Amino acid sequence: MKRIILASLLLLCLTGRTAAQDLDYERVHNLIIERNDAALDTLLTRWYYSGLYPADVLNYHYNELQGMEPWSIYVGMEESDLVGKLILQRVLHVHRDKVLLNLNATYDSTYMATLCQRMEVPVPTESYGDGRFVLMTQWVCEHTGRQVYLSASAMPHLVHPGYLDPASAQAVRIDSVATVLKSHLYNEGLTMHYARVPYNNIVVKCRNLEERYLLDYLRMSFTPPHGREQEGALAFTRSHLAENYRILYEGLLPYYRAHRPERLAWLEQLIRDVLNYRRMQERREREYNQVSRLL
């Protein structure tokens with residue numbers, strides 16, 4: 001009987017997916033390049049209302065935007081950094097003041113012209129090849145008057161632009177640009193903020209953690225897993241997303257011990273919540289794989 005119930009629940013989950021296309025990020029990329037807003041909105045709406053796009057991953061994208069200043073710019077390396085934010089903006093109509101820069105689309109001259117007009121900056125005169133992420137990030141930071149943010153997980157690509165041939169002149173240039181970028185990037189929790197003037201980013205981290213981020217979903221998730229075949233389409237798996245929170249929390253422990261001892265127990269409980277969340281997600285995925293073999 002237990003097997004029948006579990007199989008029935010899974011079947012309902014899978015049936016719900018038939019109303020949505022799989023997470024085809026290349027399709028999103030093409031629609032952005034084609035500037036087909038109607039088709040893009042239809043696709044994102046289908047993903048959201050079918051439950052195909054995981055709610056906890058969407059929450060993570062919301063928190064990234066929530067920690068940013070109004071009218072700022074988010075630089076995304078690829079569509080998986082941006083799809084959740086596009087759903088938030090175009091389907092749920094929140095954080096629409098933020099500009100989403102899709103580096104994968106910057107090779108398209110019309111996309112760049114439209115984006116630069118919105119950012120109120122000149123169109124770059126040169127085309128960046130393999131080093132687009134580092135060089136375009138520098139260009140945006142130098143030319144826009146808005147605040148600029150990157151995913152905190154993007155730091156390895158600035159520290160080690162390993163996709164380039166280290167013997168090439170471009171690699172040498174990108175390495176020097178990355179060094180300049182790193183000196184201006186401040187980790188504010190889930191995002192890095194480019195700032196020309198030094199400031200105390202620990203204070204901003206605490207503000208984001210205590211006042212801006214939505215964290216309750218780390219304690220319990222009511223969203224059924226869709227299986228590992230969809231995980232590869234996401235920038236991170238759920239466990240990796242939770243790991244980013246753990247790094248944030250544990251990095252603040254010395255500050256809370258020294259300056260906010262009355263909140264230390266609260267922060268330590270958040271760390272336990274993240275660890276429990278990771279274990280829960282891993283267990284749910286194992287159970288999903290076991291039940292799927294019964295169908």
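The values are calculated or read from the model by the stated rules, or taken from the named source; none is laboratory data. Predicted model only: the values in this text are computed from it and were never measured. FYI the Cβ positions are ideal-geometry reconstructions off the backbone, even for glycines, and counts take in every protein chain you see.
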Matching entry among LEU40, LEU52 (being part of a helix (DSSP H, G or I), touching a residue at least 24 places away in the same chain (Cβ under 8 Å) and not polar (S, T, N, Q)) = LEU40
Among the listed residues VAL75, VAL140, which satisfies the condition of being surrounded by 20 or more Cβ atoms within 10 Å (Cβ to Cβ) and assigned to a helix (DSSP H, G or I)?
-> VAL140
Among the residues of the stretch 60-80, is any aliphatic (A, V, I, L, M), over 19 Å from LEU185 (Cβ atoms) and under 17 Å from the mean Cα position of the chain (by Cα)?
-> no
State all residues of the stretch 163-209 that are among the β-branched types (Val, Ile, Thr) and within 22 Å of LEU135 (Cα to Cα); if no residue qualifies, say none.
-> VAL172, ILE174, VAL177, THR179, VAL180, THR191, VAL197
So how many residues does the stretch 78-96 have that are in a helix (DSSP H, G or I) and either in contact (Cβ under 8 Å) with a residue 24 or more places away in the chain or of a type in the set (D, E, K, R) (or both)?
-> 10
For ARG173, all conditions in the list (1) closer than 23 Å to TRP71 by Cα; (2) without any contact (Cβ under 8 Å) to a residue 60 or more places away in the chain; (3) not β-branched (Val, Ile, Thr) hold save one; what is the number of the exception?
-> (1)
Filtered residues of the stretch 203-223 (kept if among the basic types (Lys, Arg) and either modelled with pLDDT under 95 or surrounded by fewer than 19 Cβ atoms within 10 Å (Cβ to Cβ) (or both)) | ARG207, ARG212, ARG219
Out of all the residues in the stretch 98-148, which are under 20 Å from SER72 (Cβ atoms) and among the aromatic types (Phe, Trp, Tyr)?
-> TYR111, PHE133, TRP139
Answer residue from the stretch 181-202, given it is exposed (fewer than 14 other Cβ atoms within 10 Å of the Cβ) and more than 30 Å from GLU268 (Cα to Cα) and is farthest from the chain's Cα centre (by Cα) among those | VAL197
Residue hits (the stretch 150-176; at pLDDT 75 or above, out of contact with any helix residue (DSSP H, G or I) (no Cβ under 8 Å at 6 or more places or on another chain) and of a type in the set (Ser, Thr, Tyr)) are SER176
